[in-house]
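A quick write-up on the structure given underneath.
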Amino acid sequence: MTGYILSRVARAALTLLITVSLVFLFIRFSGDPAAALVPPDAPEEVIEQYRKAMGLDQPLWKQYTGYIGGLLRGDFGYSVHTGRPVEDLFLERLPYTLRLGLTALGISLIFGISLGVTAAIRRGTLVDRIVMGISVFAFAMPNFLFGLVLILTGALVFKVFLGGADGWVLMPALTLGLAAMGSFARFARSSLLETINAPYMRAAEARGVPFARRILRHAAPNAAIPLVTLIGLSLGALIAGSVVTEQVFAWPGVGQLLVRSVATRDIAVVQFLVLVVAATMILANLIVDLLYLVIDPRIRAR
Amino acid sequence: MTNLSASKSGLAEMPWSVRISVVFVFLFVAFALFGGWLTPYGFRETSMFDRLLPPGSPEYILGTDARGRDLLARLVTGAQITLVVAIVGTLIGAIIGSLLGIIAGARRGATEAVIVAAVDVQASLPIIVVALFLLAMFDNSFTLFLLLVGLNGWEIYARLMRGATLSAKEHGYVIAVRALGASPARIYLRHVLPNILNIALVQFTVNLPLTVLLETALSFLGLGVQPPLTSLGQIMSEGRDRLMTAWWLTLLPGALIFFLALSISMIGDWLRDRLDITLRSES
Amino acid sequence: MTIDESTGRTSGPVLSVDGLTVALPLSGDRAEAVTDVTFQISAGDILCLVGESGSGKTVVGQAILGMLPRKLPVTSGLIQFQGVDLPPQRDSAYRKIRSAEIATIFQDATASLDPVQRIGTQLGEILEVHGVPRAERSERILDALSAVALEYPERVSRAYPHQLSGGQAQRAVIAAALLLSPKILIADEPTTALDVTTQADILAVILRLKAERGLAVLFITHDFGVVEEIADRVAVMTEGRIVEQGAAAQVLERPQDAYTRKLIAASHPGSRQTVPKDAKPILEADNVSLNYHVGGIFNRRKIAAVRGVSLNVASGRTVAIVGESGSGKSSLARCLLRLEEFDGGSIRFMGEDVSGLERTALRSFRKSVQVVLQDPYSALDPRQTVRSAIAEGPVIHGMPRAEANRKAEALLDLTGLSPQAADRYPREFSGGQLQRICIARALALEPKLLIADEPVSALDVSIQAQILELFAEMQRTLGFAMLFITHDLRVAQTISDDVLVMKQGAVVERGPTAQVLHFPSHPYTQELVASAPGGASLAPVSAI
């Protein structure tokens, strides 16, 4: 078991290191980093100062270690666009994104799993097909289209703008969570179906265990185990989705910040956000792996 | 391919939802290829007098945008670009990812470790974030954009094909053919590859609609296909500010994108069900 | 059923099945899964229901428990438990009977346990669902686990299913079945997947339970050896019907029905006409070792799969390698085939050292040593026609395709298949036919040595005999040496001149087959021979 933990942690650390290094290399080789990190109308001497400060006259490996050192110290640079420290911008917007993301995740989990379970129990019937239809629909729907439709409906029917910083989180969360809801529904259905047909379910039936209890005590826990992986995977989809959704609803979160910074070539911000996303996902995957130790006794044996 | 020929009779069993999807895809492709004949205007032709006309206007079937350009003409060109980017992009990802996965499964050792590490890195960064990062630093050329969209999902192909190769190697017939004296090339080309290609094909059908959605999303954000070129997402981004007043500029391209992704998904699901069954019955 | 006034015990059969008929859906290969099945089981009786796959024996078991799939309706017949009609299928009243009166155990014990719950919890659930008060439960669980001779019952109770061996899991499942002291146990092939020694243990447990508790047992199996060990009465099924039924001794010694006779003959080993021993060895293995390294970066372990094994095989003769799972026999085969690089010792083929061979020389070697594998269903590329599969060997070694195709067709004929098979695909054939195709493929290169790794284990009993006969006939005709790997002593007796017994990677005994199997000297061999179901009849019955 310790071997499992150690190897997973090592793998996560290695992945993070490679990602950071790749980001470094790209920035370093994409033109003049100093010019990129400094306001466009800065005089040549300021740029030269930056070059010295960033150590661009140093050998590559020294720059690399300097870069890593800077990251570890928490020195993330300044936004060219606003002149403010990058982490400030980030922290300002993080709460909005968290609220949006968690609400979306909640909605998609609750509705997705309920739909999937219903479809599994009523397999082959009209209900099943409707649910599967909904999940394909949710999967194929571009979130920006859905968001715009919601906004349009809101404006025409309710005469209110559904976006903006003080708007309801529900509408953007619904938009963001739609695709994930589709995958959860589909997944819950197939996982439960597989579990329902497992040999130990028949054996439990042969022992006189009633249907409801079999589903709750045996099928559900077993079907839920792979769900943990799926939630981990859907984190990536949620992050990707929030980039677009926040734009559509003018929701002042991190995704909107990323898009704006890309448009204005605010490299310091973009770099920081990319690293944050990577670190978050690597950490989330690691947590999922370790969570398996708790929920699946078969993993503990390894 | 033995699998598909065995299901020839299954074509008659296609549920109506899948049939409609096939028809829609055909229509979409036809629209992209020949839609230009439906309108006398070019997609870049502006007209200051005919701005923001709604659909159903006498000379412009689907209306015009803020610069007086015929929406129908723009949709045709947009559909072309979206299709090209989606198909080429998905193919790039499929081929590169599958090759890497097969090599990782076949060679093992250090080569495998490097590929697996690359897959891990990609898996921890949603492709849209990678795309945004690279687009921030490099000029947005069409080629770059195409490559980025192509990267969508390569790591899934790699993982799948690596797993498939590893398990194929353990199959009885691979061991038996090895014992017959077959060279590794023969084993892989004749026996392993044909039997795992199905898996890549299935993933392709899952991946294609996602690529469509990625391209249109990036274009919608203004970071994808750049003017003067246009794509369905790009049209939507231009029309976005006039959502209330000129809804047709966003909803019509949006509907096209949605139905395209939906149709491909439904066809893909159906194919997957059929292939899965034949795969299972052969094992 | 009548109740004896003085003793209070009921007499008459515990279970009575009368004219049971279960229909199959239209896509099935016959109209009914089970037709007009009638039998009775009394307290303390073990009835063995014998049949091959597809005979309908499992359906009978399902019907008794009210667990038939929806697609298989009971169209007529009556099932009575202790004189009372059992309710129509799937009625919730069945729930109370299950486990409390009629209990079941299945073939794969580990799969019939919830993988994420402890054994004790699952046993406790049975008690809870049948209304046993909480205070009594743990004691009854431990009692049941001890009754099946599980050491350290508390540990087993706290364990998860994957932590138990196959034999332990089966005992735990039997314990679960016994918790409520049912009157009858339906055992559906419970020992088929177990090692011979473990199987013997489980059969002993069942026999003891019958003696101690008067448990009635419906034991479903395909193995007549098992029948010889435990049956009081026997019913033989094929194609959904019972073709013969009676007291065990009578059916085994004086079988009336042709199918019964065929099954009994198949489970009794013939003896072998041996080739003179002075033939020079073709294959000489000397002190071969193979280690596997498992685990990731942080927990690498070394497992010794093969430890210092030596053997030799001469032209025209067959050496059997006998062992249970984990004995290393398959790993040894892979080393001999140069499919695996062994770590120690040497292997010489026709005098030449095999370990150093590369490329062309290795290719040549492959022409002379061929293999037939265990699972015929995965041994052929599903995309290749039969002709192409058989011809592939010669084509790889340079024969022109047309000639190779003709050779393939000739081999089809030699191995007893029709010429139309050549253009068909593997999925269209049965297990026995597929194995014939694999034999044809192996023989296409005219090997001097054929290594067969458990080639009949996955086949039905009656087909096994045919395939063994085919091996023997091919060997007589073509004169190759054969190394035959098996876990089944009866097979070894039928097919081999000499036998090696392997345990945990090492050879524990070797010698002429008749001698080793009749007069085993090593304790492990003795145990194997004693455990062989119907072991007393390892004496040859008919010559091949």
Requested in this report: Would you list the membrane-span-like helices of chain A, meaning whole DSSP H runs whose alpha-carbon atoms span at least 24 Å along their axis and whose mean Kyte-Doolittle value is at least -0.5?
Outcome: A:2-29, A:86-121, A:170-196, A:220-249, A:267-295
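Counting partner chain Cβ atoms within 10 Å of every residue's Cβ in A:270-282, what's the average? It would help to have the intermediate numbers written out before the result.
Numbers: counts 7, 3, 0, 3, 7, 2, 1, 8, 6, 1, 1, 5, 5.
Averaged over the peptide's residues, the number is 4.
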Requested in this report: Please give, to one decimal in nm, the separation of the simple spin-label points placed at A:LEU156 and A:LEU6, each 7 Å out from Cα toward the Cβ.
Outcome: 6.4 nm
Query raised in the report: Can you list the lysines whose alpha carbon sits under 17 Å from that of C:LYS96, skipping same-chain ones fewer than 8 residues off?
Result: C:LYS183
Query raised in the report: Under 19 Å from the 7 Å Cα→Cβ point of C:ARG427, by amide nitrogen: which residues of the range C:358-379?
Result: C:376-379
Report task. Enter the Cα centre distance for the pair the range C:180-196 and the range C:293-343, rounded to the nearest angstrom. Result -> 33 Å
Query raised in the report: So which trypsin sites (Lys or Arg not before Pro) in the range C:81-129 are both in a DSSP loop and have at most 14 other Cβ atoms within 10 Å of their Cβ?
Result: C:ARG90
Query raised in the report: Along the Cα-to-C-beta direction of A:LEU25, a point sits 7 Å from the Cα; which residues of the range B:140-178 have their amide N less than 18 Å from that point?
Result: B:148, B:151, B:155
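What does the highest-first list of B:254-263, A:177-186 look like by mean Cβ count within 10 Å?
On the way: B:254-263: 22.2, A:177-186: 25.6.
Packing order, densest peptide first, comes out as A:177-186, B:254-263.
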Report task. Using only Cα atoms, locate the centre of the range B:56-126 and the centre of the range C:28-76, then give the distance between them in Å, rounded to an integer. Result -> 56 Å
Query raised in the report: the range C:108-181: Rg/Rh from Cα coordinates, Kirkwood Rh?
Result: 0.92
**Report entry** Nearest-0.05 FRET efficiency for C:SER364 and C:GLU469, computed from C-beta distance (R0 35 Å)
**Finding:** 0.65
Query - Inter-label distance, nm, simple model (7 Å from Cα along the C-beta direction), C:ARG261/C:GLU128 - result: 5.7 nm
Query raised in the report: When you take every Cα atom in the range C:78-212, what is the radius of gyration, and what is Dmax, the widest Cα pair distance, in Å?
Result: 14.8, 43
Query raised in the report: Under a straight-distance cross-link criterion of Cα-Cα below 27 Å, which lysines are reachable from A:LYS62, leaving out those fewer than 8 residues away in the same chain?
Result: A:LYS52
Query raised in the report: Taking a label point 7 Å from the Cα of C:HIS162 along the Cα→Cβ vector, which residues of the range C:92-125 have an amide N closer than 20 Å to it?
Result: C:108-123
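What length, rounded to one decimal in nm, is gained on full extension from B:ARG107 through to B:VAL22, with 0.36 nm per residue of separation minus their alpha-carbon distance? Don't skip to the answer; put the middle values down first.
On the way: separation 85, 0.36 × 85 = 30.60 nm, distance 3.98 nm.
Length difference between fully extended and current span is 26.6 nm.
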Query raised in the report: Percent of alpha carbon pairs in chain C separated by more than 46 Å?
Result: 21 percent
Query raised in the report: In peptide C:104-115, how many Cβ atoms from other protein chains are near each Cβ within 10 Å, on average?
Result: 5
Report summary line: Semi-axes in Å, largest first, for chain A (Cα gyration tensor, √(5λ)) are 44, 28, 12
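The range B:79-166: which chymotrypsin sites (Phe, Trp or Tyr not before Pro) are DSSP loop and have at most 14 other beta-carbon atoms within 10 angstrom? Walk me through the numbers before you get to the answer.
On the way: sites: B:PHE133, B:PHE138, B:PHE142, B:PHE145, B:TRP154, B:TYR157; in loops: B:PHE138.
When the chymotrypsin sites (Phe, Trp or Tyr not before Pro) of the range B:79-166 are filtered for loop state and at most 14 Cβ neighbours within 10 Å, B:PHE138 remain.
If the viscosity is 1.567 mPa s and the temperature 4 °C, what Stokes-Einstein diffusion coefficient in µm²/s follows for the range A:55-147 when Rh is the Kirkwood radius over Cα pairs? Before the final figure, lay out each step's value.
On the way: Rh = 18.0 Å.
The Stokes-Einstein estimate is 72 µm²/s.
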Query raised in the report: Tell me, what are the semi-axes, in whole angstrom and largest first, of the equivalent ellipsoid of the range B:196-283 as set by the roots of 5 times the Cα gyration tensor eigenvalues?
Result: 35, 13, 7
Report summary line: Distance in Å, no decimals, from the C-alpha centre of the range A:173-192 to the one of the range A:92-157 is 7 Å
Report task. Output the pairs from C:LYS329/C:LYS367; B:LYS169/C:LYS71; C:LYS448/C:LYS503; C:LYS262/C:LYS448; C:LYS302/C:LYS367; B:LYS169/C:LYS280 with a Cα-Cα distance over 30 Å in this structure; if there are none, say none. Result -> B:LYS169/C:LYS71; C:LYS262/C:LYS448; C:LYS302/C:LYS367; B:LYS169/C:LYS280
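Ratio of alpha-carbon Rg to the 2.2 N^0.38 Å globular estimate for the protein assembly as shown, to two decimals, please. All intermediate terms of the calculation are to be shown ahead of the outcome.
Values: Rg = 35.1 Å, N = 1129, 2.2 N^0.38 = 31.8 Å.
Relative to the 2.2 N^0.38 Å estimate, the protein assembly as shown comes out at 1.10.
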Query raised in the report: Can you give the net charge of the other residues whose Cβ lies under 11 Å from the Cβ of C:PRO533, counting K and R as +1 and D and E as -1?
Result: -3
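Bear in mind these aren't lab numbers, they're just calculated from the coordinates by the rules spelled out. None of the values given here were measured: they were computed from a predicted structure. Heads up, the Cβs are rebuilt from the backbone with ideal geometry, glycines too, and the neighbour counts pull from every protein chain shown.
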